[in-house]
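Novice: Provided herewith is a single structure, encoded as C-alpha cells, for subsequent inquiry.
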Amino acid sequence: MENYDIAVLGGGIAGISAAVHAGELGARVCLIEKGQIGGNVFRRRYKMAMACGVPQGGLLFEGMERRERAISSGWLETINEKKVVFKVGNGSLINNSEIMVRSDGRDEIVKAGKIILATGSVPIQIPSMPFDGETILSPDDVITLREIPANILVVGANKTGCELVTLFNRWGSRVFLCDERSHILSGQDPDIIAALEEEMKKQKIKLLLNRKPVSIYKENGRVDITLDGEIKFTTDKIIIAGLQSANTEALEAVRPGLLLGERKEVLVNDRMESSVPGIYAVGSVTGCSPDPLLSEEGGRIAAKNALGKGRTLNMDHVPTIVYTDPEIASVGCTATNGHYKGFRTVEGCFNSNALDHSIITGEIVGLFKIVADKTTKKVIGMHILGSGASEMISLAALTIKKGLAVSDLAALPCGWPSRFQGVKKAARMCLDRLSGKHSDS
C-alpha cells in the first residue's frame, strides 16, 4: 500500500489542476486516471477542431489526434515536474482515505490523507431520442465522426450546443439549433445574446427557439424530425447538447454519507468540501458545466484546502468563454442581475464597429460592456462579444478580483490599433454614467 498526502481521482482539467497545485505546495500526490490524461477535454475535441480549420478528407481528424498526443505529453511532463505520481487504472473509493486502483487485472490500494474527486460527468439521454452513436449523438460522440454531415440538428442552445452549431456551420453543414427557451445561452448578457443571435442568422444557422422535439423517425441513415408547432424536416444527424449526469460509479463505498443532487452530482461547499470528511470534489462531478476555466480554478481551491490553506471559490472571479463566431467572454455580474448581490449597477457599452481596429481589419461585429457598482465605482462585471474576447477576459477577471475601479481600467495603456481599445472605451462610457455625464434615456 502506497501512502500520499492527497490522491486525485480523475485526470481531466480539474484533476490535473488539483494535482499540480498540490504538488507545487510540496504535497505527496497521486493522480489516478483510467484513460488518457486530459479526460473530457479530449472527448470534447470540437473546440480543438475549430482551431484546426476546415476538414479535407480525414486529414483534420488525424491532425487533431497528433495534437492531442502532444498536449497529453505536455501535461504528463508538468505533473512529473511537480513529482506527482500518475497511475493509469480504474479507481474506486474504499473509504474516505483509500482508493482501489485496478489495472490490467492487478489491484493496488492507494492511501491518502485527503481525496479529491474529479471523475467528471456524462451526457443525459432524452428518453424519446436515445443515443445510438450513428444518427442520434451526444457531444462526446462528435469525435467519432469521420465525415461531415450535410445537415445537422443540435438540440439545446447552451454553451455546448452553440459551439457545436458554430463548428458545423464553419465546416459547411446546414445547421439547425433547437431549444424550448426563447433565447440561446441563458444567463448571459441579453444585449450580447441578441447580437449573437442576429449574427447566427446572418451565417444561415437556423434558430428554432421556443421549440422542442416531438417525434423522430429514422430511415436509411437519416432522421425525419417533428418539432412542436408542426415543424418538420429531415436531417442526417442529431446532437443532444443537454444536461450532464455526474460520473459517480467509483464512489459507491462512501455513498451512504455522501450527499448527492438530482443528477447524482456531489454536493460541495465553496471550499469544495463534500459531506464526507476528507473528501473534496471538483469539476463537472459537482454538477457544474464541464468548463475548463471553472474546473481549473476549482482544482486549485480544493488542493489548497486539502492542505489547510482555507480558500473559497468565488464564481464572480471565474470567466466564461463561449467559442461561437464571434466569441463571447464574460465574468462577474450583468447590469440586470447585479442587484441580487447588493450592487447598484451602472453599465458602459461600446460597439466595436466604431473601433479603429475594426475599421482597419473589417471585424465590425462586437460589443464591449463594463458593469460597475454605483456606490464604490468598482468594476463588478465585463462582457465581450467579438474576435479575441477569450484573450481579453482574463484581465477583466483580475480587475474584479483585485477590486479595481472603472477609472483604473479606463487608464490602462494599450497598443494602437487593438481590440482592447473597446474595453477602455466601454470603461470611459461607464465613468461618464457614474458621473452623470451620460444619461440612460
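Novice: Counting only helical runs of four or more DSSP H residues, what would the 222 nm mean residue ellipticity of the chain come to if each run contributes -39,500 (n - 2.57) and the total is spread over all its residues? If you can, show how the numbers build up before the last one.
Specialist: Details: 11 runs with 125 residues, N = 441.
Here the helix-only value at 222 nm equals -8500 deg cm²/dmol.
Novice: Follow-up question, since we're still on this one. Show me 425-432, 136-143 ranked by packing, highest mean number of other Cβ atoms within 10 Å first.
Specialist: On the way: 425-432: 22.1, 136-143: 19.9.
Peptide ranking by packing, descending: 425-432, 136-143.
Novice: What fraction of the DSSP beta bridges in the chain is antiparallel, stated in percent and rounded to the nearest 5? It would help to have the intermediate numbers written out before the result.
Specialist: Values: 50 of 84 bridges.
In the chain, DSSP labels about 60 percent of beta bridges as antiparallel.
Novice: Looking at the square roots a ≥ b ≥ c of the eigenvalues of the Cα gyration tensor of region 189-343, which shape do they give, rounded for a/c under 1.5, prolate if a/b is larger than b/c, or oblate?
Specialist: Details: a/c = 2.77, a/b = 1.51, b/c = 1.84.
Here region 189-343 falls in the oblate category.
Novice: Mind putting a number on the dipole of the chain about its Cα centre? Charges go on the C-beta only, +1 for Lys and Arg and -1 for Asp and Glu, and I need it in Debye to the nearest 20.
Specialist: Numbers: 53 positive and 51 negative charges, 189 e Å.
Magnitude of the dipole: close to 900 debye.
Novice: Another question, if that's okay. In region 136-240, if the dipole is taken from +1 on Lys/Arg beta carbons and -1 on Asp/Glu beta carbons about the Cα centre, which of Leu153, Gly221, Leu167 is farthest to the positive end?
Specialist: The residue sitting most towards the positive pole is Gly221.
Novice: Here's another thing I want to ask about it. With only alpha-carbon atoms in the gyration tensor, what are the semi-axes of the equivalent ellipsoid for region 320-435, in Å, largest first?
Specialist: Taking √(5λ) for each eigenvalue gives 22, 15, 12 Å, largest first.
Novice: Sticking with this one: Just the Cα atoms of region 136-240: what Rg and Dmax do they give in Å?
Specialist: 13.3, 42
Novice: Something else: As I understand it, the dipole of the chain uses +1 on the Cβ of Lys and Arg and -1 on the Cβ of Asp and Glu, about the Cα centre. Which of Ala27, Ile115, Ser97 lies farthest toward its positive end?
Specialist: In the chain, that residue is Ala27.
Novice: Another question about this same structure. Under a point spin-label approximation (7 Å from Cα along Cα-to-Cβ), what is the Asp408-Thr376 distance to one decimal in nm?
Specialist: Rounded to a tenth, the inter-label distance reads 1.1 nm.
Novice: Computed over the Cα atoms of the chain, what is the convex hull's projected area averaged over all directions, in nm²? Let's see the in-between values first.
Specialist: Details: hull surface 94.3 nm².
Mean projected area of the Cα convex hull: 23.6 nm².
Novice: If you don't mind, another one. Give the aspartates and glutamates reachable from Lys378 as a straight Cα distance under 16 Å; neighbours fewer than 8 places away on the same chain don't count.
Specialist: Asp316, Glu347, Asp408, Asp432
Novice: Connecting C-alpha atoms closer than 10 Å in a GNM of the chain, tell me which of Ala281, Ala335, Ala411 has the biggest fluctuation.
Specialist: Of Ala281, Ala335, Ala411, the Gaussian network model singles out Ala411 as fluctuating most.
Novice: Okay, moving on. Please report the antiparallel percentage of the DSSP beta bridges confined to region 136-240, to the nearest 5. The partial results should precede the final answer.
Specialist: Working: 11 of 26 bridges.
If I count the DSSP bridges inside region 136-240, around 40 percent turn out antiparallel.
Novice: Could I ask something else about it? Using the Cα centre of region 136-240 as the reference point, and only Cβ charges (+1 on K/R, -1 on D/E), how large is the resulting charge dipole? Debye, rounded to the nearest 20. Present the calculation step by step, with values, prior to reporting the outcome.
Specialist: Numbers: 15 positive and 16 negative charges, 64 e Å.
Charge dipole of region 136-240: 300 debye, to the nearest 20.
Novice: Starting from the Cα-Cα distance between Lys83 and Ile364, subtract it from 0.36 nm times their residue separation and give me the gain in nm to one decimal. Write out the running numbers ahead of the final one.
Specialist: Values: separation 281, 0.36 × 281 = 101.16 nm, distance 4.78 nm.
Working it through step by step, the gained length comes to 96.4 nm.
Novice: Between Leu243 and Asp316, how many nm apart are label points set 7 Å from Cα along the C-beta direction?
Specialist: Placing both labels 7 Å along Cα→Cβ, they lie 2.8 nm apart.
Novice: Now a separate question. Just subtract the alpha-carbon distance of Glu65 and Lys202 from 0.36 nm times their residue separation and send over the number in nm, one decimal. Before the final figure, lay out the partial values.
Specialist: On the way: separation 137, 0.36 × 137 = 49.32 nm, distance 3.24 nm.
The span from Glu65 to Lys202 would gain 46.1 nm if fully extended.
Novice: How do His339, His21, His357 line up, fewest other C-beta atoms within 10 Å first? Could the numbers behind the result be given before it?
Specialist: Working: His339 11, His21 23, His357 20.
Ascending Cβ contact count within 10 Å gives the list His339, His357, His21.
Novice: Could you tally the net charge around Tyr217, taking each other residue with its Cβ under 13 Å from the Cβ of Tyr217, Lys/Arg +1 and Asp/Glu -1? Mind dumping the intermediate values first?
Specialist: On the way: positive: Lys218, Arg222, Lys232; negative: Glu219, Asp224.
Local net charge: +1.
Every number in this text was worked out from the coordinates using simple rules, so none of it is lab data. Just so it is clear, the structure is predicted and the values come from calculations on it, not from any experiment. Cβ coordinates were reconstructed from backbone atoms using ideal geometry, including for glycine residues, and neighbour counts include every protein chain displayed.
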